[in-house]
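Here the structure comes first, spelled out in structure tokens, and everything after it is commentary.
Please treat every number below as a calculation from the coordinates, not as lab data. It should be emphasised that the depicted structure is a prediction, and the values quoted were computed from it without experimental measurement. A quick note on method: Cβ atoms are made from the backbone with ideal geometry, for glycine too, and the neighbour counts reach across all protein chains shown.
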Amino acid sequence: MRRLAALLAVPLLAIGLAGPADAQVGKVVPDNIELDDFANTDANDFGDFTGRTILIEFFAYW
């Protein structure tokens, strides 16, 4: 039982010490990138999202 507790304590301690990650702010996306058939929205380019937070999900269906 002590061995199991010790094995569980190490990963939990590592997770606890890691702390939350801060969001990193990068460069502004150029306005001239067109969104033809890539987005499920009426927007034509990234300039239509100025001032908003957007999530870009990259996922492949293999």
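When a/c is below 1.5 the answer is rounded, else prolate if a/b is larger than b/c, else oblate, so apply that to segment 23-62 with a ≥ b ≥ c taken from the square roots of the Cα gyration tensor eigenvalues.
Note, shape of segment 23-62 comes out oblate.
For V29 and A60, what is the calculated FRET efficiency with R₀ set at 25 Å and r taken between the beta-carbons, to the nearest 0.05?
0.70
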